[in-house]
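Everything below concerns the one structure shown next.
The values are calculated or read from the model by the stated rules, or taken from the named source; none is laboratory data. Keep in mind that what you see is a predicted model, and the values were worked out from it rather than measured. Note that each Cβ is placed from the backbone with ideal geometry, even for glycine, and that neighbours are counted across all protein chains shown. Just the protein is used for accessible areas: all its heavy atoms, side chains included, with ligands, DNA and RNA removed. Shrake-Rupley method; radii C 1.70, N 1.55, O 1.52, S 1.80 Å.
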Amino acid sequence: MRRVLSLSLVVALLVALFVAGDLVPTFREPDSTPQAAERAAPAPLRVAVVGDSLSAGRSHFSGNGLDDESWMTYAEGEGIQYAGGWARSGATPEQMAAAVQSISDVDVLVILAGTNAVRTGKTLADEAPAYEQIVAVVRPKRVVVARIPPYRFHAAAALRYNDDLRAFTEAHGWSWADPWAVARDGDDWAEGFSTDGTHPAGPAQYEVLGEAFRRIILETRVFPSALS
């Protein structure tokens, strides 16, 4: 009789625990929160380019399309979309400003200009309004102004132009960038990077330049100003 009573007490206790919820199994819905790796990638940066032969490509005019001597060929893709622009061999910043047209929804404008200003004896003071006009016409969200490369035939003037261009760029709150670090040896070209003292030697060198620009452009997402 005592054993039956004890068994009854145990059963009653278990029932009470189940009713209280202490022994009821808990089932959780699967976690539907997407992991960081599964989240949608940000939209590619729309990048416009304004420049001279250093950007124009083998045909000497960017309007003919990108080619193996266009640095943008190697910079675009995987987060970067070429939005257009204007680049022609021999062009000064003033000529670029006169020719460039409005481009819709530009995230980053890259200006690589000044070698032909140096070639024609112009200073940054002469060309400064042209840079401002280019930016005003394109109306990008961010501006990257690039250092011009070594210019073997006007080396001292090119260095002065770069110094003045950097100060001008930073005064406007734009980003200053040096894509030529790997191409230089001191103030001259690194051996083998240029054959004429003015331009990269060929597609392999333009690819190196494009990869440098690619890093600079993508970093504008994190550092929207003062790249160096």
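Things worth noting here:
- From the options 221, 184, 214, residue that is at pLDDT below 95 and basic (Lys, Arg): 221
- Candidates are the residues of the stretch 64-89 that are surrounded by fewer than 24 Cβ atoms within 10 Å (Cβ to Cβ), among the small types (Gly, Ala, Ser) and in contact (Cβ under 8 Å) with a residue 24 or more places away in the chain; the one that is nearest to residue 218 (Cα to Cα) is 79.
- Of the residues examined, residue 144 is not one that is of a type in the set (Val, Ile, Thr) and in a helix (DSSP H, G or I).
- Any hit, the stretch 121-139, residues being assigned to a loop (DSSP other than H, G, I, E, B), out of contact with any His (no Cβ under 6 Å at 6 or more places or on another chain), polar (S, T, N, Q) and open to solvent by less than 20 Å² (accessible area, probe 1.4 Å): no
- One residue from 167, 128, 156, 113 being among the aliphatic types (A, V, I, L, M), modelled with pLDDT of 95 or more and in contact with a Pro (Cβ under 6 Å, 6 or more places away or on another chain): 113
- One residue stands out among those in the stretch 90-112 that are of a type outside the set (A, V, I, L, M) and in a loop (DSSP other than H, G, I, E, B): the one that is surrounded by the most Cβ atoms within 10 Å (Cβ to Cβ), which is 92.
- Residue within the stretch 38-51 that is touching a strand residue (DSSP E or B) at 6+ places or on another chain (Cβ under 9 Å), basic (Lys, Arg), open to solvent by less than 60 Å² (accessible area, probe 1.4 Å) and at pLDDT 95 or above present: yes
- Close contacts from the stretch 138-165, counting a first residue that is in contact (Cβ under 8 Å) with a residue 60 or more places away in the chain and a second that is basic (Lys, Arg) and open to solvent by 10 Å² or more (accessible area, probe 1.4 Å), with Cβ to Cβ under 8 Å and a gap of 6+ residues or different chains, come to 149/184.
- When 201, 158, 183 are screened for being open to solvent by 10 Å² or more (accessible area, probe 1.4 Å) and of a type in the set (Gly, Ala, Ser), only 201 passes.
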